[in-house]
1. Which entries of Lys5/Lys253; Lys90/Lys196; Lys20/Lys227 show an alpha-carbon separation above 24 angstrom in the structure shown?
2. With the cut-off at 1.5 for a/c, could you classify the stretch 161-239 from its C-alpha gyration tensor as rounded, prolate or oblate?
3. What are the ³J(HN,Hα) couplings of the stretch 193-204, residue after residue, when phi is run through the Karplus curve with 6.51, -1.76, 1.60 and θ = phi - 60°? Round to Hz, x for glycine and proline.
4. Between the stretch 182-208 and the stretch 59-87, how many Å separate their Cα centres?
5. Taking H placed 1.01 Å from N in the peptide plane, check which residues at least 5 places from Ile11 or on another chain put their amide H under 5 Å from its amide H.
6. Going by the alpha-carbon gyration tensor, a ≥ b ≥ c the square roots of its eigenvalues, is the stretch 3-255 rounded (a/c under 1.5) or, if a/c is not under 1.5, prolate (a/b greater than b/c) versus oblate?
7. Can you classify the stretch 83-216 as rounded, prolate or oblate using the Cα gyration tensor, where a ≥ b ≥ c are the square roots of its eigenvalues, rounded means a/c under 1.5, and otherwise it's prolate if a/b beats b/c and oblate if not?
8. For Gly197, what residues show an amide H to amide H distance below 5 Å, using hydrogens built from the backbone and excluding near sequence neighbours?
Amino acid sequence: MNTLKYLNKIIHGDAIIILKQLPDKIADVGITSPPYNKGENKKGWLVNNVKYSGATDKFPEDKYQENQIEVLNEIFRIIKDGGSFFYNHKIKWEKGIMLHPVDWLRKTKWILRQEIIWDRMIAANIRGWRFWQVEERIYWLYKPIGNNMIGEELKSKHALLTSIWRFPPERENSHPAPFPIELPARVIYSILDEKKGLVIDPYCGSGTTLVAAKILGHDFIGIDISKEYVNLAEERLKSFDKEKNCIKEEIAKHIVLKTFKERKEKGEFTGKYKPTNFNNKELTLFENIENNKEK
């Protein structure tokens, strides 16, 4: 498959089939949220009422995990050395047994760099058996370079953010489980910073990751099995003024006038630091976001 042919496009098809056709080491970073296989022996309002267009979400758990391992290993091949992939999933229960995504992540080629808690601030499938599950997990997966198993440090402005991310889910979207656009924007900006790169999402759904990538000035490749959501994503990529404002608010959280190291060296306050204004570099980034045209 010619990479340029699918650059800044959404490919309709099964993730594993399409991924196998993509070349090695073309993407810098990726983020995705696969179907959770919530229909397998599950109950509750969410399972019975929220369906994914064009796909089933009900497989034997062992087959589901095997598929996810295969998808993640294909993504590993496609991501450049030193690149990152962020994998959103959740803890589930099957016949009283906890199923943790780490169970299958450890069977992939990736280095698990960090587990991030996504506080959605709302329970997705309310039952009375346990405390309301308002959180999901985002796994920062890293593709090592040689013997470097931990990668480079984040820039200080990004490292100010904690490992608990509080974003309510997107509500104005027909997709059953859309990201809030701030979430992929945080991932992309933290990893790529000012460097232009290629972002991939193998389960792109309504295209939130792709819209974030486009607004931030990056190339993207999206894949989804649902023709309905592919069409929705293509329309979203044509009009995203509201999303621009949300991303500007997210970028502002990364902006500091002095890093922790700089303040410590000068004997200044080293607690949580908030900027009072933006420097020229951040203002230029905001201008670039505003100038990324809808096409």
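Every number in this text was worked out from the coordinates using simple rules, so none of it is lab data. Everything numeric here is computed off the predicted structure, so don't read it as measured data.
1. Lys5/Lys253; Lys90/Lys196
2. Oblate is the answer for the stretch 161-239, as a/c is 1.5 or above yet b/c matches or exceeds a/b.
3. Values per residue, Gly and Pro as x: 6, 8, 7, 6, x, 10, 10, 10, 9, x, 10, 6 Hz.
4. About 17 Å separates the Cα centre of the stretch 182-208 from the one of the stretch 59-87.
5. Gly222, Ile223, Asp224
6. Note, shape of the stretch 3-255 comes out rounded.
7. oblate
8. The answer is Asp219.
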